[in-house]
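A short worksheet on the structure shown next.
Rule-based calculations on the coordinates, nothing more; no lab input. Computed from a predicted model, the values in this text were never measured in an experiment. Cβ: placed from backbone, ideal geometry, glycine included. Neighbour counts: every protein chain shown.
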Amino acid sequence: MQASLPDSKVEKATAVLAANGKSFAFAGKLLDTATLFACARLYRFCRYVDDVADEATDPVKAARQLASIKHDLVRQKSHDPLVSDFILLARDYALDVAVVNELLDGIASDLGHVLVQSDAELLRYCYRVAGTVGVLMCNIFNVRSPAALAHAIDLGIAMQ
């Protein structure tokens, strides 16, 4: 969606990917610069919101922060630069806010003591925290096939 990107912006976005998602960064070598930049921005947002839960010392405060991010996505405005960047990415690639909300709900479920009671609960959790990312990636790659979406979800679940 962006024809020419400043090298510094690409480097900044891909730095998080390179530091935390080495296998994803390696796969990124196969992408054109604009697609890699979009993937890196999505990864950076996902890493950011996951860290809100994973690094939380106060689960109530973290839950409020995730709720605030959801609110920002609905109103399409945020004071948080990472969320603001994601809002632009979501606009550029028509990312479905409902899918992002599923991701945030899955991440929020990590804030308490988690005891999975059934295979269905495990699948739901894996869909929320990883299958949703597959759906979002399909938008970035401009893939609309229902079969491809199903495979992207399955791949996300399997990777989780």
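For Leu89, Leu31, Leu111, what's the fewest-to-most ordering of other Cβ within 10 Å of each Cβ?
Placing the least packed residue first, the sequence is Leu31, Leu111, Leu89.
By its C-alpha gyration tensor, with a ≥ b ≥ c as the square roots of the eigenvalues, how is the range 120-160 shaped: rounded for a/c under 1.5, else prolate for a/b larger than b/c, else oblate?
Judged from the Cα gyration tensor, the range 120-160 comes out prolate (a/c at least 1.5, a/b above b/c).
What residue among Ala38, Ser84, Val74 has its Cα farthest toward the positive end of the dipole of the range 29-94, where the charges are +1 on Lys, Arg and -1 on Asp, Glu, each on the Cβ?
Val74
Kirkwood Rh over Cα pairs of the range 7-159 into Stokes-Einstein at 4 °C, 1.567 mPa s: D in µm²/s?
81
Classify the range 70-160: rounded, prolate or oblate, from the alpha-carbon gyration tensor (a ≥ b ≥ c, eigenvalue square roots; a/c under 1.5 rounded; otherwise prolate if a/b is larger than b/c)?
Note, shape of the range 70-160 comes out oblate.
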